[in-house]
1. What about residue 31, is it at pLDDT 90 or above and either closer than 18 Å to residue 20 by Cβ or charged (D, E, K, R) (or both)?
2. How many of the residues in segment 32-51 are touching a Lys or Arg at 6+ places or on another chain (Cβ under 8 Å) and without any contact (Cβ under 8 Å) to a residue 40 or more places away in the chain?
3. Looking at (1) at pLDDT below 90; (2) in a loop (DSSP other than H, G, I, E, B); (3) closer than 27 Å to residue 54 by Cβ, which one does residue 100 not meet, given that it meets all the others?
4. Give me the pairs, please: first residue somewhere in segment 53-78 and under 18 Å from residue 32 (Cβ atoms), second residue anywhere and of a type in the set (Val, Ile, Thr) and in a helix (DSSP H, G or I), beta-carbon distance under 8 Å, and either six or more positions apart or on two chains.
5. Considering only residues of segment 112-148 that are crowded, with 19+ Cβ neighbours inside 10 Å and in a helix (DSSP H, G or I), which is modelled with the highest pLDDT?
Amino acid sequence: MREVRVNPPSTEPSDGRLNLLISCAGWQADPWVDRLPRLLEPMGIQSVRARSGRQAAEVIKSTPIHIAIVDLGLPLDDARAPDEMDSEGGPRLLEILSRLAEPPPTVVVKPARTHRDDCRNLSAALRLGAFAVLDRPRGDTDFELMLEVLRRCLTRFYNGRWPGVC
């Protein structure tokens, strides 16, 4: 069990590790959220997963987050399976991240919906400071795009330096 800090955690990378928050509403057998940590861990990126908005909020209180991946389809509560009726966790998580003293770069993952919903989601995500908005990765091409966006986050927000390197 993690210790909850009283003071807000710093977003500066430390101990040579970069903490990546991955929120995901999907229930696939081998989703991108399982593949991404396995690929990034040997490179010094620690992935912390959250399956609900409440769980993600607890992670933010106890762990400094350097980059966040926020699924807009995320349920608010742990007790429910994600569906169209309970997808308030993602937008609320974006609000929490945007209110931090030093908000981490945020990559928003949106579920496939209507064009009107896509426009609304894109507008809300960008208004709350999202670095990028992507469709939920479904194949290798989408997965590679996610990796490229994460590389761009590292370059832009951390000057291309790996955490802990002077």
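The values are calculated or read from the model by the stated rules, or taken from the named source; none is laboratory data. Everything quoted here is computed from the prediction, not taken from an experiment. Positions of Cβ are backbone-derived with ideal geometry, glycine not excepted, and every protein chain shown enters the neighbour counts.
1. Working: at pLDDT 90 or above: no; either closer than 18 Å to residue 20 by Cβ or charged (D, E, K, R) (or both): yes.
Here the answer is no, as residue 31 does not meet what is asked.
2. Of the residues in segment 32-51, 4 are touching a Lys or Arg at 6+ places or on another chain (Cβ under 8 Å) and without any contact (Cβ under 8 Å) to a residue 40 or more places away in the chain.
3. Of the numbered conditions (1) at pLDDT below 90; (2) in a loop (DSSP other than H, G, I, E, B); (3) closer than 27 Å to residue 54 by Cβ, the odd one out for residue 100 is (1).
4. That search, which allows pairs on different chains as well, returns 56/96.
5. Filtering segment 112-148 for residues that are crowded, with 19+ Cβ neighbours inside 10 Å and in a helix (DSSP H, G or I), the one modelled with the highest pLDDT comes out as 146.
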